[in-house]
Amino acid sequence: MPKKQTIVLCSSAYFYEHLNQISDQLSGLGFATIVPRTAANMKLSGDYDVSKVRTWIDNPEDIHKKTDFMKWHFDKITDNDAILVVNDDKPNQPAYMGANVLIEMGLAFYLNKPIYVLNSVPKTAPYYEEVMGMNSIILLGDLTKIK
């Protein structure tokens, strides 16, 4: 029996509720998934208030938490098969990808991992060229396109 492909999900913390739903859908399609630790904790608690997690914004001494989250997620990208970027809309920012997601995509690209992007990326986005230059596979919302 072949090994299940494991997909690491990446997104802005503002999309973690949707990211968890996508993770469940992928599981139903036969994939194993890994979500950011914070997303998993938010799912368990049912509390998706991002401000409660991002304590380093008001307390710079907590920046080590962000560092730890990033390193943990980078390790998961390194050790698994592909990434899926959940790039939903934020107010006045269609198909939003934050800086951290772009870093994660860059790591996956460097490691020759497939990069799936859930929604289209506007040509006017400041990161359009980078996303397309990493040979990202744009799913247009259709998870069944993941191979």
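Just so it is clear, none of the values below were taken in a lab; they were calculated from the coordinates. All values reported here derive from a predicted model rather than from experimental measurement. Counting neighbours? That spans all protein chains shown, and the Cβs are built from the backbone with ideal geometry, glycine included.
Inside the stretch 109-147, can you point out the residues that are in contact (Cβ under 8 Å) with a residue 60 or more places away in the chain and under 14 Å from Val8 (Cβ atoms)?
From the stretch 109-147, those in contact (Cβ under 8 Å) with a residue 60 or more places away in the chain are 116, 118, 143-144, 146; that's our starting set.
The answer is Tyr116, Leu118, Ile146.
Pairing each residue of the stretch 27-41 that is more than 15 Å from Lys65 (Cβ to Cβ) with any residue that is of a type in the set (Ser, Thr, Tyr) and surrounded by fewer than 18 Cβ atoms within 10 Å (Cβ to Cβ), provided the two are 6+ apart or on different chains, yields C-beta distances under 8 Å for Leu29/Thr144; Phe31/Thr6; Ala32/Thr6; Thr33/Thr6; Thr33/Ser27; Ile34/Thr6. The set of residues from the stretch 72-130 being within 14 Å of the chain's Cα centre (by Cα) and at positive phi comprises just one member, Ala95.
Applying a threshold of 7 Å to beta carbon distances and a minimum spacing of six or more residues, or different chains, the list of pairs starting in the stretch 55-70 at a residue that is without any contact (Cβ under 8 Å) to a residue 40 or more places away in the chain and ending at one that is surrounded by 11 or more Cβ atoms within 10 Å (Cβ to Cβ) and of a type in the set (Phe, Trp, Tyr) reads Asp62/Trp56; Ile63/Trp56; Lys65/Trp56; Lys66/Trp56.
Within the stretch 51-61, which residues are exposed (fewer than 14 other Cβ atoms within 10 Å of the Cβ) and among the β-branched types (Val, Ile, Thr)? Write out each step before concluding.
Quick first cut of the stretch 51-61, residues exposed (fewer than 14 other Cβ atoms within 10 Å of the Cβ) only: 51-52, 57-61.
Within the stretch 51-61, just Ile57 meets the criteria.
Scanning for something in contact with a Phe, Trp or Tyr (Cβ under 8 Å, 6 or more places away or on another chain), within 24 Å of Lys4 (Cβ to Cβ) and surrounded by 13 or more Cβ atoms within 10 Å (Cβ to Cβ), does the stretch 91-103 turn up at least one residue? There is no residue in the stretch 91-103 that is in contact with a Phe, Trp or Tyr (Cβ under 8 Å, 6 or more places away or on another chain), within 24 Å of Lys4 (Cβ to Cβ) and surrounded by 13 or more Cβ atoms within 10 Å (Cβ to Cβ). Looking only at residues in the stretch 90-132 that are of a type in the set (D, E, K, R) and not in a helix (DSSP H, G or I), the one that is nearest to Ile34 (Cα to Cα) is Lys113.
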